[in-house]
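For reference, the structure is listed below as structure tokens.
The values are calculated or read from the model by the stated rules, or taken from the named source; none is laboratory data. Small disclaimer: the values here were computed from a predicted structure and weren't measured. Note that each Cβ is placed from the backbone with ideal geometry, even for glycine, and that neighbours are counted across all protein chains shown. Note: areas computed on protein heavy atoms with side chains; ligands, DNA, RNA excluded. Shrake-Rupley method; radii C 1.70, N 1.55, O 1.52, S 1.80 Å.
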Amino acid sequence: IIYGRNVLIEALKSNFTKKEVLLEDGADKNDKKISEIINLSKSIGIPVRFASKKAISKLTKTDDHQGVACSISFSELSLKEYLANKDSENKSLIFISEAEYEQNIGAIIRSAECAGIGAVIIPNFLSITPTIAKISTGAVFHISIIKSPLYQTVKVFKDLGFLIAGIEKDGKNYYEQNLTSPTLFIIGGEDKSLSTNIRKDCNVILEIPQFGHVNSLNMSVAASIIIFEHVRQVSTKNNQNTF
């Protein structure tokens, strides 16, 4: 059960199966987003039902639902399923190896989707929750989300010729590294660095130089900085190749 107006709109635009949309009694049908939810639901044949705020809160287990909810069949991909899709070839990915806070996972997924990254990979002990979907503003429905063990994933992409790049605070300055090739980025958790074994498996450890008193960036911020430097370098290389 997902909730939140922006999330619902993106879910309705996706290929995932939707079963029913709930709107709060008295919802303003002239409201731009409510109107869009109703129109999108009608266009794909999804029933819209009105319910009390209390009923929606009980269903979503939160009062932060913005008067909307939807039942959707969402599932993560296996690594095998992702690689079987030809569209996945040579697209960079990011692996979230650890995360305690759903807000960080959602924010990384949002940045990755905006940057055109091929997929976000999470370990088997993590799952995409309604909160993560909301924090991502619905990006979870437009980017491949893969569940796979870290070591297996690293081996697979190494064999495919990908650059394996860990994101840490004691590595090479990220803007000095050539990031124009297909890359598997790996980021640790809020309070956990990448393990020694994973660091050994990386081709490079990328560091974001910092000049203040606080000794670390939020993990979702760090991931976004690195991802968009990758995008910048690839775009610059491609533009140069057109002349």
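Quick notes on this one:
- Amide H contacts under 5 Å for Phe95: Ile121, Phe185, Ile186, Ile187, restricted to partners 5 or more places along the chain or on a different chain, H placed in the peptide plane at 1.01 Å from N.
- Most positive-pole-ward Cα, Ser73, Val154, Ile46, against dipole of the chain from beta carbon charges: Ile46
- Put a dot 7 Å past the Cα of Ser14, heading toward its Cβ, do the same for Ile44, and the two dots end up 0.9 nm apart.
- Among (1) 0.95; (2) 1.07; (3) 1.12, the entry derived from the coordinates for Cα Rg over 2.2 N^0.38 Å: (3)
- FRET efficiency, Lys200 to Lys58 (Cβ-Cβ, R0 51 Å, nearest 0.05): 0.55
- Rounded to the nearest Hz, the phi-derived 3J(HN,Hα) couplings of the stretch 171-186 under the Karplus curve 6.51 cos²θ - 1.76 cosθ + 1.60 (θ = phi - 60°) are x, 8, 3, 4, 7, 9, 9, 6, 10, 8, 8, x, 9, 9, 8, 10, where x marks glycine and proline.
- Non-local Lys pairs in the stretch 50-177, i.e. 8 or more apart or on different chains, that have alpha carbons under 28 Å apart: 28
- What the phi angles of the stretch 152-158 give under the Karplus curve with 6.51, -1.76 and 1.60, with θ = phi - 60°, is a coupling list of 4, 5, 4, 4, 4, 6, 4 Hz, glycine and proline written as x.
- Between amide H atoms placed 1.01 Å from N, distances below 5 Å from His142 occur with no residue 5 or more places distant or on a separate chain.
- Using alpha-carbon coordinates, inclination of helix 219-241 to the longest axis of the chain, degrees: 70 degrees
- In sequence order, the stretch 75-91 has phi-based couplings of 8, 6, 8, 7, 4, 4, 5, 5, 5, 6, 8, 4, 5, 7, 4, 6, 9 Hz under the Karplus curve 6.51 cos²θ - 1.76 cosθ + 1.60, θ = phi - 60°, and Gly or Pro positions carry x.
- What separates the Cα centres of the stretch 67-131 and the stretch 2-19 is a distance of 15 Å.
- Qualifying GluC sites (Glu not before Pro) in the stretch 96-194, DSSP loop, other Cβ atoms within 10 Å at most 14: Glu100, Glu190
- Extension gain from Gln210 to Tyr101, taking 0.36 nm per residue of separation minus the Cα-Cα distance: 36.9 nm
- Spin-label model distance (nm) - Val221 vs Lys158, 7 Å beyond Cα toward Cβ: 3.3 nm
- 1.4 Å probe accessible area per residue over the stretch 90-173, in Å²: 39 Å²
- Extension gain, Lys32 back to Asn178 (0.36 nm per residue minus Cα-Cα distance, nm): 48.2 nm
- Two-site FRET efficiency, Thr236 against Thr129, from Cβ-Cβ distance with R₀ of 41 Å, rounded to 0.05: 0.65
- Most positive-pole-ward Cα, Phe211, Ala165, Thr183, against dipole of the chain from beta carbon charges: Thr183
- Values of log10 I(q)/I(0), in the order q = 0.12, 0.14, 0.27 Å⁻¹, for the stretch 1-83 under a Debye, Cα-only, solvent-free model: -0.35, -0.46, -1.40
- The stretch 66-117: trypsin sites (Lys or Arg not before Pro) in DSSP loop, at most 16 other beta carbons within 10 Å: Lys91
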